[in-house]
Amino acid sequence: MDTTTVTNFKSEEYFINMGPQHPATHGVLRLLLTIDGEIIRKVEPDLGYIHRSIEKMCERDSYQQIVHLTDRMDYLSSHINNEAVCLTVENALELEVPERVKVIRTIIGELTRIASHCLWWGVMGMDVGALTTYFYGFRDRELINDIFEETCGARLTMNYNIPGGLMFDIHPNFVQRTKDFVAHFKTKIPEYDRLLTDNVIFQKRMKGVGILSKEDAISFGASGPVGRGSGYSCDVRKHHPYSALDKVTFKEALKTEGDSLARYEVRIQEMWESLSIIEQLIDNIPEGEHKVATKAVIKLPKGEFYQKVETARGELGVFIDSTGTKNPYRLKFRSPGFSNLSLLNHIAVGGKIGDLVASMATLDIVVPDIDR
Amino acid sequence: MDLMKVNNRAVMTNEALQNLISSWIPELEFTEEGSQFLNITVQPENLHQLMSELKSNSETNFDYLFCVTGMDWGSALGVIYHLESTTHRHIIVVKVKTEDRENPTLDTVCDIWKTADFHEREVFDFFGIKFNNHPNLKRLFLTDEWEGFPLRKDYVDEINMIIK
């Protein structure tokens with residue numbers, strides 16, 4: 001087509017509504033797109049459809065109750081969310097939990113990360129039109145959920161952590177089942193690669209799309225695989241280790257390309273690293289108590305306490321301002337999804353709607369994490 | 001410069017940070033009481049100057065704004081900023097307060113850190129603090145018709161709030 005033909009058509013911008021009930025937004029998130037033809041000019045997220053104001057609820061709840069609210073945020077990282085609050089409370093009380101608790105928390109945290117990435121990998125393929133991945137991802141995630149069910153009594157909103165330790169000790173089958181899973185899953189990640197990562201169509205959809213530079217990643221407060229896909233070393237487990245993470249060796253998955261494929265590959269790499277962390281710990285769970293006693297009514301000393309942890313989505317921060325009573329005066333959750341979503345406009349502008357769906361899938365957004 | 005080792009990396013001590021930062025703006029309040037980080041309280045009129053210096057100075061280089069918390073201290077409203085440097089790995093907390101509850105206004109920092117755009121909109125939504133020069137200051141979670149600011153301590157909603 002020569003240029004004279006092109007100028008005969010008028011280019012006009014218009015709005016299109018994506019969501020709040022759209023399969024690619026993974027929850028109730030509405031995007032207001034400004035479109036010129038099929039080129040995106042602006043993406044404006046409209047939030048709040050499922051906002052529960054957990055931060056306000058926390059101001060009237062006891063610290064034990066707050067733990068239960070956190071797994072309703074990023075429900076795929078529920079164990080790690082619970083851990084974040086428990087660590088903040090324990091640090092404030094200067095309570096040293098037994099080594100056994102630290103190791104079990106870390107193992108289950110890494111299992112949670114694998115389960116979350118399995119689900120992400122499944123829906124990631126589905127978002128770009130490969131339905132098979134969905135069933136593969138869910139098949140393997142199911143095995144982890146079974147382990148959780150046996151030990152914690154719940155599959156998703158686990159509530160296994162309490163301030164001072166764990167609700168109860170691990171199930172006698174836990175160690176063996178976890179080992180079986182690790183052995184099983186090691187044969188499955190190469191399958192994932194053969195099925196999706198190495199697929200030519202998939203590669204072309206992902207490579208060079210949705211590019212985020214390292215400077216922008218830091219400026220937008222990106223964390224987790226989104227930051228690490230841009231070469232930004234932001235793994236909280238490395239920089240501010242907690243629980244048993246200072247006792248294990250693992251590589252921080254880093255990619256420098258900053259495109260959708262880089263973020264994808266970081267998560268695949270993270271699953272290998274999580275398996276390695278579990279293997280290092282699973283044979284060496286120290287004997288001992290699974291909790292230390294706390295008072296029935298926990299009162300934090302006066303002051304401000306901050307704790308960050310690495311969930312499957314990135315950096316979750318818990319900020320507690322305590323006046324010395326049984327409730328926090330103010331509690332703030334710095335959720336990874338909130339900051340990661342804010343850069344969606346930046347990486348989507350200039351691309352096509354189809355690429356927006358693929359880029360958004362690599363941000364791995366969980367809406368309740370944003371609408372806290 | 002005072003240095004200490006954290007994770008085998010040399011970082012500035014809180015004391016060294018305090019000496020450096022207090023040389024920029026005289027009337028800053030520093031405290032480490034009741035917090036694991038160094039806290040700076042800044043007057044609203046000096047907020048933007050302090051923040052841009054914290055980011056651009058190569059010795060501090062606080063390039064990662066990881067948490068923005070709206071606060072209602074009862075008499076005053078304000079914001080707490082948690083900053084980290086991705087090169088030096090030190091952390092600092094900046095607090096700013098305004099006594100004006102009717103029309104609280106602070107300067108935006110979203111020209112310094114892009115993440116502040118969403119975070120400040122959240123603070124505006126729940127605390128009603130306005131940010132000068134913010135490019136798109138409107139409610140983020142709540143609808144435009146919503147009355148009041150729910151995370152303020154004096155907010156009353158007899159239907160939706162369960163008070164224990």
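Just add up the charged neighbours of A:GLY231: K/R +1, D/E -1, any other residue whose Cβ is under 9 Å from the Cβ of A:GLY231.
Values: positive: A:LYS214, A:ARG228, A:LYS255; negative: A:GLU257.
So the environment of A:GLY231 carries a net charge of +2.
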| field | Relative contact order computed over region B:1-156 (Cα-Cα under 8 Å; 6+ residues apart), in percent | value | 17 percent
| query | If you plug each phi of region B:118-134 into the Karplus form 6.51 cos²θ - 1.76 cosθ + 1.60 with θ = phi - 60°, what whole-Hz ³J(HN,Hα) values come out, in order, with x for Gly and Pro? | reply | 5, 5, 6, 5, 5, 5, 4, 4, 9, 10, x, 7, 8, 10, 4, 6, 6
| field | Structure-based [θ]222 nm, chain A - -39500 (n - 2.57) summed over DSSP H runs of at least 4, per residue, nearest 500 | value | -14000 deg cm²/dmol
| request: Please report, to two decimal places, log10 I(q)/I(0) for chain A at q = 0.10 Å⁻¹ as given by the Debye formula with identical point scatterers on the Cα atoms and no solvent. | output: -0.63
| field | Total charge dipole magnitude, the protein assembly as shown, about the Cα centre, Cβ charges on Lys, Arg, Asp, Glu only, Debye to nearest 20 | value | 880 debye
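For region A:224-324, which GluC sites (Glu not before Pro) pass both filters: DSSP loop (anything but H, G, I, E, B) and at most 10 other C-beta atoms within 10 Å?
Numbers: sites: A:GLU252, A:GLU257, A:GLU265, A:GLU270, A:GLU273, A:GLU279, A:GLU287, A:GLU289, A:GLU304, A:GLU310, A:GLU315; in loops: A:GLU252, A:GLU257, A:GLU287, A:GLU289.
Loop-located and lightly packed - A:GLU287.
For region A:125-216, run through the trypsin sites (Lys or Arg not before Pro) and keep only the ones in DSSP coil with at most 14 other Cβ atoms within 10 Å of their Cβ. Intermediate values should be presented prior to the final figure.
On the way: sites: A:ARG139, A:ARG141, A:ARG155, A:ARG177, A:LYS179, A:LYS186, A:LYS188, A:ARG194, A:LYS204, A:ARG205, A:LYS207, A:LYS214; in loops: A:ARG155, A:LYS207.
Those that pass, being in a loop and sparsely packed, are A:LYS207.
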| task | Note down the Stokes-Einstein diffusion coefficient of region A:159-232 in µm²/s, whole number, using a Kirkwood radius over alpha carbon pairs, 37 °C, and 0.692 mPa s. | result | 199 µm²/s
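How would you classify region A:9-165 from its alpha-carbon gyration tensor, with a ≥ b ≥ c the square roots of the eigenvalues: rounded for a/c under 1.5, else prolate if a/b is greater than b/c, otherwise oblate? Mind showing how you got there, number by number?
Values: a/c = 3.23, a/b = 1.70, b/c = 1.89.
Oblate, since a/c reaches 1.5 and b/c is not below a/b.
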| query | In a solvent-free Debye calculation with one equal scatterer on each Cα, what is log10 I(q)/I(0) for region A:89-174 at q = 0.18, 0.20, 0.22, 0.25 Å⁻¹, listed in the order of the q values? | reply | -0.80, -0.90, -1.00, -1.17
| query | In percent, how large is the relative contact order of region A:165-307, given Cα pairs closer than 8 Å and 6 or more residues apart? | reply | 28 percent
| field | Along chain B, longest interval not containing exposed GluC sites (Glu not before Pro), exposed being DSSP loop plus at most 15 other Cβ atoms within 10 Å | value | B:103-144
| query | Taking the Cα centre of region A:1-156 as the origin, how large is its charge dipole in debye, to the nearest 20, when only Lys and Arg (+1) and Asp and Glu (-1) carry charge on their Cβ atoms? | reply | 200 debye
| field | Within region A:260-297, trypsin sites (Lys or Arg not before Pro) in DSSP loop having at most 13 other beta-carbon neighbours inside 10 Å | value | A:LYS295
| Which value, in Å² rounded to 10, gives the accessible area of A:SER53 with a 1.4 Å probe and all protein chains present? | 30 Å²
| query | Using +1 on the beta carbon of Lys and Arg, -1 on that of Asp and Glu, and nothing else charged, what's the dipole of region A:213-262 about the Cα centre, debye to 20? | reply | 260 debye
| query | Along the charge dipole of chain B, which of B:TRP113, B:PHE149, B:VAL42 sits closest to the positive end, that is, farthest toward it, with unit charges on the beta carbon of Lys, Arg, Asp and Glu (+1, +1, -1, -1)? | reply | B:TRP113
| query | Which of A:GLY337, A:VAL43, A:SER322 sits closest to the plus end of the dipole of chain A, meaning its Cα is farthest towards the positive end, when Lys and Arg get +1 and Asp and Glu get -1 on the C-beta? | reply | A:SER322
| note | Relative contact order of region B:30-108 (C-alpha contacts under 8 Å, at least 6 apart) in percent is 31 percent
| query | Among A:ALA244, A:ILE268, A:PRO225, whose Cα sits farthest toward the positive end of the charge dipole of region A:217-273 (+1 at Cβ of Lys/Arg, -1 at Cβ of Asp/Glu, about the Cα centre)? | reply | A:ALA244
| query | For chain B, which longest stretch is free of loop sites, where a loop site is one of the chymotrypsin sites (Phe, Trp or Tyr not before Pro) that DSSP puts outside H, G, I, E and B and that has at most 14 other Cβ atoms within 10 Å? | reply | B:74-145
| remark: Rounded to the nearest 10 Å², the 1.4 Å probe accessible area of A:VAL349 is 70 Å²
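Once you sort the root eigenvalues of the Cα gyration tensor of region A:223-372 as a ≥ b ≥ c, which label holds: rounded (a/c under 1.5), prolate (a/b larger than b/c) or oblate (the other case)? Present the calculation step by step, with values, prior to reporting the outcome.
On the way: a/c = 2.80, a/b = 1.39, b/c = 2.02.
Oblate is the answer for region A:223-372, as a/c is 1.5 or above yet b/c matches or exceeds a/b.
Shape verdict for region B:62-161, please, from the Cα gyration tensor: rounded (a/c under 1.5), prolate (a/b greater than b/c) or oblate.
Working: a/c = 2.04, a/b = 1.72, b/c = 1.19.
The shape class here is prolate.
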| query | Helix B:47-56: angle to the longest alpha-carbon principal axis of chain B, degrees 0 to 90, nearest 10? | reply | 40 degrees
| said: If I fit a long axis through the Cα atoms of helix A:132-152 and take the longest principal axis of the Cα atoms of chain A, what angle between them do I get, 0 to 90°, rounded to 10? | reply: 10 degrees
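The values are calculated or read from the model by the stated rules, or taken from the named source; none is laboratory data. Since the structure is predicted, the reported quantities are computational estimates derived from the model, not experimental observations. Backbone-built Cβ (ideal geometry, glycine too); neighbour counts: all protein chains shown. Just the protein is used for accessible areas: all its heavy atoms, side chains included, with ligands, DNA and RNA removed. Shrake-Rupley method; radii C 1.70, N 1.55, O 1.52, S 1.80 Å.
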